[in-house]
Structures are given as structure tokens and as C-alpha cells.
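**Student:** Can you read through this structure? Questions will come right after.
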Amino acid sequence: SPAVRVENVWKVYGSAEAQVTALRDVSLEVAGGEFTAIMGPSGSGKSTLMHCMAGLDTVTRGTIMVGRTTVTGLRDKGLTRLRRDHIGFIFQQFNLLPTLTAEENIWLPMTIAGRRPDPARLDRVIDAVGLRDRLKHRPHQLSGGQQQRVACARALLAGPEVIFADEPTGNLDSRAGADVLRFLRASVRDLGQTIVMVTHDPVAAAYADRVVFLADGSIITEIWEPSAEAVL
Ligand code: ADP
Ligand code: ADP
């Protein structure tokens, strides 16, 4: 069964007088170990789709599953548990806690969940992300690229069913962005991580296995094994 399944999802914002249909009958499956990018013009529904998949927003109609969990059947407590135990998040703004070291930031979601990371996985993740000599640094002592790699390690550590990445390279120069994308790609290859990434950047999207294009709330096409040229 797929890691993420979106079935006939509609999302309508607003009241009867002022409605915006952000998603129109969207269906999408992401297989386990697959890296999917979502692209589309501003306002096409990318954030809405990702937030609905991640249990950060509710749908108006339709069904979303992450692993064996029916996200659209959950209420507050269940959604909190889903986000805590089954999903990793990477944001454009890194969202690291400034008073904690890199290592403490990486551990934080597991600390909050009262879980201990598998030491072998911790080692692999820290090595893979290339932060061994930065673990005691605080976010302001790290470059943007290093901060985002800390955020990637944090998202990966618990072995989430899926990682949702919202413009992960949006605040990085192209070199730092490429480091982050190579790391995400490697986590798919080496750990079988499933990733769904929203991006504006065709170069970033070319790291994915597939690019899904949204326009006006609908999926209009998809490209497998994209090149940056194909995505442009
Ligand atoms: P994208 O991420 O592709 O830029 P969004 O998912 O943010 O698109 O937005 C899709 C549509 O839904 C847009 O028309 C946007 O204005 C509208 N929208 C998004 N969030 C809200 C909200 N909280 N209330 C009302 N309309 C919203
Ligand atoms: P934007 O798309 O405006 O840049 P973000 O991507 O930073 O915003 O965050 C999107 C939404 O997810 C926000 O409402 C934020 O409060 C929420 N959020 C951020 N981090 C987490 C988290 N770890 N768990 C649950 N919700 C989160």
C-alpha cells in the first residue's frame, strides 16, 4: 500500500459569500521510498495540499491516508499524534530552536515524544548530513545550509513514514540548496525515506523521482524522472 494516498480531495476556504476552492477533486498516490515534488504557480494549491496531507489542515471532502492511518478521520489528538509519530517536517525557515545546539535540535522531536533514537540511525543520519563537527553549535553559529541540514536530520531521525518539505531550498543559495537536496536524495536511496516536497525551483524538483503539477487546485500533469529542463 502507498505511503500517502489522496482520494478525491476538495478544499474550500471561506464562508458562503466568499469561497475559494483551493483543491478540486485531487487524487494522488506516493509509494513508499518515493521522492515526489509538487510544483505549480502561486495560489495553485500546493501548500493547501501539503498541509492537508500532513494533518495541518482539514479537507472539505475526500480521504487522505498516511501509511495505514486515515488522516481525514482524525481529530485534534489523533492529528497531533500523527504529526509527532509518523511525519517529519522541513520548512523554508528551518524552524530550529535558537537556544538549543544542533544536536539538541536534532533530538528534539524524539525528546518531546519520549522516545530514544536508535543510536545506529543517529550515527548514520549525522554522518550522512555531514554535521559531525557542528553538533555543539547553536543555529546562529551555522550557515543557512547547515541549519537546513540540521532540520533534515531532525526530520529523518525518528524514521517517519513520510517527510513533508515546504520549499526547503527557498532561503538557500544554489550551492547550499544542492547540499540539502543531495542529502534528501541520499535518504531516499539509502534509507528508503518517502519525501513529498513543494518547490518553485526546477533544479530542486529535478532531484525528485516525479514532479506533480498543480494549476487552479487540480493536478494537470506529472513527469517521472524529471530533468530541470523538462520541469521548466
Ligand atoms: P500555493 O501554495 O500553490 O501558493 P495555496 O495552497 O497557498 O497555494 O492557496 C491556494 C488557494 O487557496 C489560493 O487562492 C489562496 O488564496 C487560497 N487560500 C489559502 N489559504 C487560505 C485561507 N486560510 N483562507 C482562505 N483562502 C486561502
Ligand atoms: P509558511 O508556509 O507560511 O512558510 P511554514 O511552512 O513555516 O509556513 O508552516 C506551515 C504551518 O505549519 C504553520 O501553520 C505552522 O504553524 C505549522 N507548523 C510548523 N511546524 C510544525 C510542526 N512541527 N508540527 C505541526 N505544525 C507545524
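The values are calculated or read from the model by the stated rules, or taken from the named source; none is laboratory data. None of the values given here were measured: they were computed from a predicted structure. Here the Cβ is made from the backbone with ideal geometry for all residues, glycine too, and neighbour counts use every protein chain on show. In case anyone asks, the SASA skips ligands and DNA or RNA and just uses the protein heavy atoms, side chains included. Shrake-Rupley method; radii C 1.70, N 1.55, O 1.52, S 1.80 Å.
**Student:** Please turn the phi angles of the stretch 16-22 into ³J(HN,Hα) values with the Karplus equation 6.51 cos²θ - 1.76 cosθ + 1.60 (θ = phi - 60°), one per residue in order, whole Hz, x for glycine and proline.
**Tutor:** Per residue, the Karplus-derived 3J(HN,Hα) values read 4, 6, 10, 9, 10, 8, 8 Hz.
**Student:** Another one. For the stretch 1-110, which GluC sites (Glu not before Pro) are both in a DSSP coil and crowded by at most 10 other Cβ atoms within 10 Å? Walk me through the numbers on the way to the answer.
**Tutor:** On the way: sites: 7, 17, 29, 34, 103, 104; in loops: 17, 34.
For GluC sites (Glu not before Pro) across the stretch 1-110 that sit outside H, G, I, E and B with at most 10 neighbouring Cβ atoms in 10 Å, the list reads 17.
**Student:** Sort 1, 42 by accessible area with a 1.4 Å probe, largest first. Intermediate results must be reported in sequence, preceding the final value.
**Tutor:** Working: 1 135, 42 110 Å².
Sorted descending by solvent-accessible area, the residues read 1, 42.
**Student:** A further question follows. Which of 106, 38, 117 sits closest to the plus end of the dipole of the stretch 36-154, meaning its Cα is farthest towards the positive end, when Lys and Arg get +1 and Asp and Glu get -1 on the C-beta?
**Tutor:** 117
**Student:** Treat the chain as a sphere of radius equal to its Kirkwood radius over Cα pairs and apply Stokes-Einstein at 25 °C in a medium of 0.890 mPa s; give the translational diffusion coefficient in µm²/s, rounded to a whole number.
**Tutor:** Details: Rh = 18.0 Å.
Calculated translational D: 137 µm²/s.
**Student:** Right, next: Using the heavy atoms of the protein chains alone and a 1.4 angstrom probe, what is the accessible area of the stretch 102-182 per residue in square angstrom?
**Tutor:** Value returned for the stretch 102-182: 47 Å² of accessible area per residue.
**Student:** Hey, another quick one. Where does helix 144-157 land angle-wise versus the long Cα axis of the chain, in degrees 0 to 90, nearest 10?
**Tutor:** 80
**Student:** Ok, one more. Quick check for you: with a 1.4 Å probe and neighbouring chains kept, what is the accessible area per residue of the stretch 23-92, in Å²? Before the final figure, lay out the partial values.
**Tutor:** Values: 3250 Å² over 70 residues.
For the stretch 23-92, the per-residue accessible area is 46 Å².
**Student:** Let me ask something additional. Please state the relative contact order of the chain as a whole percent: Cα pairs under 8 Å, 6+ residues apart?
**Tutor:** On the way: 470 pairs, mean separation 62.8, N = 232.
Relative CO of the chain lands at 27 percent.
**Student:** How much of the accessible area of the stretch 21-144, probe 1.4 Å, is carbon plus sulfur, in whole percent? Please list the in-between numbers first.
**Tutor:** Numbers: 3180 of 6510 Å².
Ligands and nucleic acids excluded, carbon and sulfur reach 49 percent.
**Student:** A further question follows. What list of ³J(HN,Hα) couplings, whole Hz, do you get for the stretch 95-104 from phi and the Karplus terms 6.51, -1.76, 1.60, once you set θ to phi - 60° and write x for glycine and proline?
**Tutor:** Residue by residue, the stretch 95-104 yields 6, 8, 7, x, 8, 9, 6, 3, 4, 5 Hz.
**Student:** Which residues does a label at residue 25 reach in the stretch 52-81, if reach means a backbone N under 18 Å from a point 7 Å past the Cα toward the Cβ?
**Tutor:** Only 60-64 pass the distance filter.
**Student:** Can you tell me the length gained on complete extension of the stretch residue 115 to residue 232, counting 0.36 nm per residue apart and subtracting the Cα distance? Each step should come with its number before you reach the end.
**Tutor:** Working: separation 117, 0.36 × 117 = 42.12 nm, distance 4.26 nm.
The residue 115-residue 232 span can extend by a further 37.9 nm.
**Student:** So, one more: Could you give the nm distance between label points at residue 218 and residue 190, where each point is 7 Å from its Cα heading toward the beta carbon?
**Tutor:** Taking the two extended label points, one gets 4.3 nm.
**Student:** Given the peptides 204-210, 72-78, arrange them by the average over their residues of other C-beta atoms within 10 Å, most packed first. Show your work: numbers first, answer last.
**Tutor:** Details: 204-210: 22.9, 72-78: 11.7.
Averaged packing, sorted descending, gives the order 204-210, 72-78.
**Student:** Sticking with this structure for a sec: Determine the calculated [θ] at 222 nm for the chain from helices alone, applying -39500 (n - 2.57) to every DSSP H run no shorter than 4 residues and normalising by the residue count; nearest 500 deg cm²/dmol. Don't skip to the answer; put the middle values down first.
**Tutor:** Values: 8 runs with 81 residues, N = 232.
About -10500 deg cm²/dmol.
**Student:** Calculate the spin-label point distance for residue 18 paired with residue 135, positioning each point 7 Å from the Cα along the beta-carbon direction, and give it in nanometres.
**Tutor:** The modelled label-to-label distance comes out at 5.2 nm.
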